[in-house]
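S.K.: Attaching a single structure in structure tokens format; questions to follow.
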Amino acid sequence: MLQKLNPLDLSLLYTDDQKQLAIDLECKMGELRDRATIGGLLEVIRKYHQMILYTVDERWCIQLFEHDEATNDAESCWHESSGTELIKLLYTTIERIYDRLNDN
């Protein structure tokens, strides 16, 4: 049986981050709700960094690495976070990436 997924709640992202996400997903702002899938968010994260996504007990965990860094070296991880809701973890990870881009 196929089940339709609920659309992602984009209100969890700042407006500037929504605009950047639309650019990264190559869509217009009005199309963002349909294009911002979990897979799409993972593709955007992968565009900027290598990542390790895993679970520990009830928590999702993500580690981000520069593209030229070895992911098996925990010391080279520049960002690590975890949470019980995957979508919130992906949103905060994307916000962190965009904040870092804007700082440079």
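We did not get these values from a lab; they are worked out from the coordinates using the rules stated. Treat the numbers as computed from the prediction; the structure is a model and nothing was measured. No Cβ is skipped: glycine too gets one built from the backbone with ideal geometry, and neighbour counts run over all protein chains shown.
S.K.: Using only Cα atoms, tell me the angle between helix 38-48 and the longest principal axis of the chain; keep it within 0 to 90° and round to the nearest 10.
M.R.: Approximately 50 degrees, to the nearest ten.
S.K.: Next up: Put a dot 7 Å past each Cα toward the Cβ at His79 and Arg46; how far apart are the dots in nm?
M.R.: 1.7
S.K.: Next up: Provide the gained length on full extension for the span Tyr14 to Asp99, in nm with one decimal, where the gain is 0.36 nm per separating residue minus the Cα-Cα distance. All intermediate terms of the calculation are to be shown ahead of the outcome.
M.R.: Values: separation 85, 0.36 × 85 = 30.60 nm, distance 1.09 nm.
The span from Tyr14 to Asp99 would gain 29.5 nm if fully extended.
S.K.: Given Thr15, Thr93, Ile52, which one lies farthest toward the positive end of the charge dipole of region 13-103, if we put +1 on the Cβ of every Lys and Arg and -1 on the Cβ of every Asp and Glu?
M.R.: Thr15
S.K.: Among all lysine pairs in the chain that are eight or more places apart or on different chains, how many have alpha carbons less than 20 angstrom apart?
M.R.: Close lysine pairs under the 20 Å cut-off: 6.
S.K.: Right, here's the next one. Subtract the Cα-Cα distance of Ile87 and Asn72 from 0.36 nm times their separation in residues, and report this length gain in nm to one decimal.
M.R.: Stretched out fully, the Ile87 to Asn72 stretch lengthens by 2.9 nm.
S.K.: Oh, and also: Taking the structure as given and computing percent of Cα pairs over 21 Å apart, which label from (i) 37; (ii) 48; (iii) 65 fits?
M.R.: Checked against the structure: label (i).
S.K.: So, one more: As a check on your grasp of the helix formula, calculate [θ] at 222 nm for the chain: sum -39500 (n - 2.57) over DSSP H runs of n ≥ 4, divide by the residue count, round to the nearest 500.
M.R.: Details: 4 runs with 43 residues, N = 104.
Rounded to the nearest 500, the figure is -12500 deg cm²/dmol.
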